[in-house]
């Protein structure tokens, strides 16, 4: 079976706030050393799929630099391998527009799809956390002679409003589909993994579905009515980390004694671009408890239940609790960081207190995104010494220390 995998990696990721100000959502760091897209790319190569196209649009530079020629995933090949399909404007009659949805992104690249010597096209999200062999899904797709086959997984009823929800008959045929319903009795969610026969996909998006912009909102409901959409039920760990809360929880889950996602499985390696860094250093006065510590980090303070990325420095007397600290960030001497996400190269000055507060006021600008006590600090930002930052605070990327005119950033504020 010849397969082309197309990874949708152009999303803005509004649910991430400042974390996606400088990058596309699939390029957001995860688990210390990875990027979100690493999981989808690794699933492809571990499933023996080596013909991969990545569709970009929003803030692609960080993602493109991370992918490079695809060598970490064994995708630097003369035939197949990884190709990055850049965004462009196209004139359709009197309308010039950027790609306006997931189906639109594929439609803009149908000339590329048509040139591929493949039978099936696998369309994948670039921002989900999971380990999946795509072989069984593709086998079901062929067995049913389906026009489209969707990977689905059971989700909590409280999370159903975030997903496209599916109802199946006894033959795994999709008989109903609701995109992000307010209320539903359905328990299976679409994972954003779609298999198509190549000829059907090209013909449909150029013909009957030429005005449809999004797979979940437009294409799937229309095809379900035609009765040739099936679903493959996936039963292992999967997380759509499209919100700060979901992202934080998925990271913290890795600290469990037996995490649902095993990153140490030698039979299903998650590949990534890795820099050459020395081993982690734990100073003689340091205290560490229940963390993930990556290469090149130096710990001279106290770190508990946190994810510490490569190159991070935690100074003497500093305390980091229940936090995610990304590459090359610095936490100054005597500083307390509690339930905080520090993006890459953030510098926190001496004796600051970030997130260390009893006031859990939701963020005033984005209460739906920051309301559980998590404070987020954007890439390359500098927090001055002695600054006090409350909970549910969002501080933008590239903010300099002289921008803080008050020594206190109250809970729920945005800077």
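The values are calculated or read from the model by the stated rules, or taken from the named source; none is laboratory data. What you see is a predicted model, and the numbers here were worked out from it, not measured in a lab. So basically every Cβ, Gly included, is an ideal-geometry build from the backbone, and we count neighbours across all protein chains shown.
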- request: Go through 207, 290, 311 for me and flag whichever is out of contact with any helix residue (DSSP H, G or I) (no Cβ under 8 Å at 6 or more places or on another chain), surrounded by fewer than 18 Cβ atoms within 10 Å (Cβ to Cβ) and in the same structural domain as residue 376 (by TED's automatic domain parsing).
  value: 290
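Going through the range 5-50 one residue at a time, which ones are in a strand (DSSP E or B) and either within 15 Å of the chain's Cα centre (by Cα) or surrounded by fewer than 22 Cβ atoms within 10 Å (Cβ to Cβ) (or both)? Even if it seems obvious, please write down each step before you answer.
Just the residues of the range 5-50 that are in a strand (DSSP E or B), to begin with: 5-8, 29-30, 34-35.
Listed by number, the residues that qualify are 7, 8, 29, 30, 34, 35.
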task: Answer yes or no: is there a residue in the range 355-373 that is touching a residue at least 24 places away in the same chain (Cβ under 8 Å), under 21 Å from the mean Cα position of the chain (by Cα), farther than 23 Å from residue 396 by Cβ and not assigned by TED's automatic domain parsing to the domain that holds residue 20.
output: no
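Matching residues to (1) touching a residue at least 60 places away in the same chain (Cβ under 8 Å); (2) under 30 Å from residue 2 (Cβ atoms); (3) surrounded by fewer than 19 Cβ atoms within 10 Å (Cβ to Cβ):
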| residue | (1), (2), (3) |
| --- | --- |
| 82 | no, yes, no |
| 98 | no, no, yes |
| 121 | yes, yes, no |
| 127 | yes, yes, no |
| 134 | yes, yes, no |
| 146 | yes, yes, no |
| 163 | yes, no, no |
| 167 | no, no, yes |
- line: Here, strands (runs of 3 or more DSSP E) confined to the range 89-192 with at least 1 residues that are more than 27 Å from residue 271 (Cα to Cα) and in contact with a strand residue (DSSP E or B) (Cβ under 8 Å, 6 or more places away or on another chain) are 90-92, 95-97, 148-154, 164-168, 174-179
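Report yes if some residue within the range 365-376 is within 23 Å of residue 304 (Cα to Cα), outside any strand (DSSP E or B), at pLDDT 95 or above and in contact with a strand residue (DSSP E or B) (Cβ under 8 Å, 6 or more places away or on another chain); otherwise report no.
yes
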message: Residue under question is residue 162, and the condition is that it be under 21 Å from the mean Cα position of the chain (by Cα) and closer than 20 Å to residue 368 by Cα; does it hold?
response: yes
task: Please verify whether the range 355-367 includes one or more residues that are surrounded by fewer than 20 Cβ atoms within 10 Å (Cβ to Cβ) and under 15 Å from residue 324 (Cα atoms).
output: yes
